[in-house]
Structure formats: structure tokens, C-alpha cells
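Asks: Below you'll find the structure I mean.
Each value in this text was obtained by applying a stated rule to the coordinates, not by laboratory testing. Being a predicted model, the structure only gives us computed values, none of them experimental.
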Amino acid sequence: MAFLDESLFKNLFYHHYDRIYTGFYKKTNSLEVAQDLTQITFMKLWTYRDQFSQDISHEKQLFRKAKLVLIDWLRKEANQRKLIAEIQQNLPLAFTTSTSDLKEELNLAIDKLPPARKKVFIMAYLEGYSHKEIAEELNISVKTVDAHVLKSLQQLRKLLALTSLLFFIFNK
């Protein structure tokens, strides 16, 4: 039986939205990210409403959910920074590119990956899943996950190196 009904959810939303949003803003320094994380928190609260407990305060459960959403986001950001650093380290040409430009180029390169490889890569590097978790989720072996990750990194390095080369040639 779900203890979080629509009325209680609305009450939590209207009474705590600003506090959750402000907390995320203080941690991320981004209005857009804070808004997204706040929305995700309330969506997850509603999605997992059947796990809502009457034995623990409603506010405590809401803020615990917000904390988990923040941890997930921080993990994804760390993985993305790690990937960008690895790609920058492996670029054949030494030139400077802003992080936002590199993120954009990385997203375009990821979009060019084959669908299965792209799914595995996103789960591993952007969503922070372990190779074992990906294998279980997609019903494939861990070795297949390893192969997809390796091939995606190789393909991304080539695509980004080509982009870097073209950028260097046309912006001399």
C-alpha cells in the first residue's frame, strides 16, 4: 500500500520545493542544474511512492531522496570530467579548447557511436554504472560490456582527433 498519496505529495512539493532547489543551487552554482535536480527529486519521490514509509518523517525521506539525486549527479559529472581529461590527454595536437566546446564535441561524437555501443558507453561513463550492472541490465556478458567500452573509447578518440585536426587546420 502506498503511503504517499497525491495530497501528501502536493503538500511536500509546495512546502519544500524552494528549500530543495536552493540546496541544489548552493551545491551546483547553476540555476538550470538546480531546477533539473529538484524536478528529478520530486519525480523519483512520486515514482517510488510505494516505498514511502510512515515510520520516518516525510521531510527526512524527501531530503534523503534529494541527497541521493545529488550524489548521482556528482558521480555523472565526475565521470564526464574524467572522460574529458582522458580524451584531452590523448589528442594528437596540443591546442586549447574550452570545456564547453569539448563537451559539445564529445556529445556529437557519442551520437555517432553505433546504438548498442552508445548505450553501454553512456551507462558506463555518463550514468556511472559498473560494467557488471550494465551487463545485468542489458542481459549481456561483462566481457561484451568491456569490449563495447574499449571500442567506444577508440572510436571517440579517432573522431575527436579528426575534429581537433580540422579545427587546427581551419583556424590557423
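Asks: Under a straight-distance cross-link criterion of Cα-Cα below 23 Å, which lysines are reachable from LYS67, leaving out those fewer than 8 residues away in the same chain?
Replies: Hits, sequence-local ones excluded: LYS10, LYS26, LYS27, LYS44, LYS76, LYS82.
Asks: Residue by residue through region 119-129, which ³J(HN,Hα) values in whole Hz follow from phi under the Karplus form 6.51 cos²θ - 1.76 cosθ + 1.60 (θ = phi - 60°), with glycine and proline marked x?
Replies: 4, 4, 4, 4, 4, 6, 9, 9, 9, x, 6
Asks: I need the Kirkwood Rh of region 9-70: take the reciprocal of the average 1/r across all distinct C-alpha pairs and report it in angstrom. Don't skip to the end; give the middle numbers.
Replies: Working: mean 1/r = 0.0861 Å⁻¹.
Mean inverse Cα-Cα distance, inverted, gives 11.6 Å.
Asks: Given 0.36 nm per residue, what is the gain on full extension from GLU59 to GLU133 after removing their alpha carbon distance, in nm? Please list the in-between numbers first.
Replies: On the way: separation 74, 0.36 × 74 = 26.64 nm, distance 3.07 nm.
Once the chain is fully extended between GLU59 and GLU133, it gains 23.6 nm.
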